[in-house]
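Visitor: Dropping a structure here in structure tokens format, bear with me for questions.
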Amino acid sequence: MNDARESSPAAERNKQPILEVLERVLPPQGLVLEIGSGTGQHVAHFAQALPALHFQPSEMDRARHRSIEAWTAAERLTNVRAPLAIDLLAQPWPITAADAILCINVIHISPWETTLGLMAGAAALLPAGGPLVTYGPYLRNGSHTSPSNEAFDASLRSRNPCWGVRDIDAVAEVAGRVGLQLDELIAMPANNFTLVWRKIRPT
Ligand SMILES: C[S@@+](CC[C@H](N)C(=O)[O-])C[C@H]1O[C@@H](n2cnc3c(N)ncnc32)[C@H](O)[C@@H]1O
């Protein structure tokens, strides 16, 4: 047991449903960048299940890098790189290429500007057709998809007025400006969605 491993109950619950989408939408090989890796549970789970891919975790909170590294070490993974510190509010990112990008439960727990940064950075990094996979709660056509999401949104905004559940159309508008198109919308457990964005034109 490596004591530096932190554990998030939400990540423990959603890692397998997300993996089942990733198995289908990620390229068969190449480098997958994760933005906001948190504890590192997700990247460890995905890397173990998808050994032909290499994973680059990142977390702007450097205090969490030990946990990410501990998960990688505990699972004896050889396809996970050391974490980077990527802040979506700062460009350029300290990485020059990635074949796919993951961003789980970040868009609503950060200011709207991080979504702008995510889309701009992803568009700069991804090859044509490359996926950006985002996961979390979203509004659809301006409405919450459940009372629990509405309550969650209110609690987020009370913690930080700049946070909040975003509307898929608003995110799509920002993505479209930089050449990313919503390719798939997958309903997930607990009123979440996985969104698969693909780069359709060079930036
Ligand atoms: C609720 S945690 C999710 C962590 C992990 N992806 C998960 O699902 O367990 C929110 C994440 O958003 C990230 N985040 C917030 N603002 C950010 C920013 N400006 N740039 C990059 N990441 C940011 C945090 O560092 C944190 O990893």
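Visitor: Out of residues 5 or more away from residue 192 or on other chains, whose amide H comes under 5 Å of its own, with H placed 1.01 Å from N in the peptide plane?
Guide: The list, which skips near neighbours in sequence, is empty: none.
Visitor: By average Cβ neighbour count within 10 Å, what is the ranking of 135-141, 12-18 from highest down?
Guide: Going from most to least packed, we get 135-141, 12-18.
Visitor: Sort 119, 188 by Cβ crowding within 10 Å, fewest neighbours at the top.
Guide: Ranking 119, 188 by Cβ neighbours within 10 Å, fewest first, gives 188, 119.
Visitor: Something else now. Using the beta-carbon distance between residue 154 and residue 128 and R0 = 30 Å, what value does 1/(1 + (r/R0)^6) give for FRET efficiency, to the nearest 0.05?
Guide: E(calc), rounded to 0.05, equals 0.15.
Visitor: Counting other beta carbons within 10 Å of each residue's own, what order do 75, 23 fall into, fewest first?
Guide: 23, 75
Visitor: Next up: Provide the three semi-axes, in whole Å and in decreasing order, of the ellipsoid equivalent to the range 1-96 as defined by the square roots of 5 times the Cα gyration tensor eigenvalues.
Guide: So the three semi-axes of the range 1-96 are 18, 18, 13 Å.
Visitor: Hey, got the dipole for the chain? About the Cα centre, +1 on K and R Cβ, -1 on D and E Cβ, debye to the nearest 20?
Guide: Computed charge dipole of the chain: roughly 160 debye.
Visitor: With all distinct Cα pairs included, what does the Kirkwood hydrodynamic radius of the chain come out to in Å, to one decimal, could you say?
Guide: Its Kirkwood hydrodynamic radius stands at 17.0 Å.
Visitor: For an R0 of 25 angstrom, estimate the FRET efficiency from the Cβ-Cβ distance between residue 185 and residue 97 and round to the nearest 0.05.
Guide: Calculated value: 0.40.
Visitor: Identify which of 29, 56, 181 has the largest mean-square fluctuation in a Gaussian network model of the chain, with springs joining Cα atoms closer than 10 Å.
Guide: In the Gaussian network model the winner is 29.
Visitor: Project the alpha carbons of the range 83-125 onto their principal axes and report the range along each, largest first, in whole Å.
Guide: The Cα atoms of the range 83-125 stretch 25, 20, 18 Å along the principal axes, largest first.
Visitor: Separate question: Once the dipole of the chain is set up with Lys and Arg at +1 and Asp and Glu at -1 on Cβ about the Cα centre, which of 98, 144, 42 lies farthest towards its positive end?
Guide: So the residue furthest toward the plus end is 98.
Visitor: How high is the relative contact order of the chain, given as a whole-number percent (alpha carbon pairs under 8 Å, six or more residues apart)?
Guide: Relative contact order for the chain comes out at 19 percent.
Visitor: Another question, if that's okay. Would you mind ranking 113, 34 by Cβ crowding within 10 Å, fewest neighbours first?
Guide: Fewest-to-most ranking of 113, 34: 113, 34.
Visitor: Quick one: length gained pulling residue 49 to residue 146 fully straight, 0.36 nm per residue minus the C-alpha distance?
Guide: Value of the extension gain: 31.8 nm.
Visitor: Helix-only estimate, please: 222 nm mean residue ellipticity of the chain, summing -39500 (n - 2.57) across DSSP H runs of length 4 or more and dividing by its residues, to the nearest 500.
Guide: -11000 deg cm²/dmol
Every number here is computed from the coordinates shown, using simple stated rules; none is lab data. Please read all numbers here as calculations on a predicted model, not as lab measurements. With ideal geometry, Cβ positions are generated from the backbone for all residues, glycine too; neighbour counts draw on all protein chains shown.
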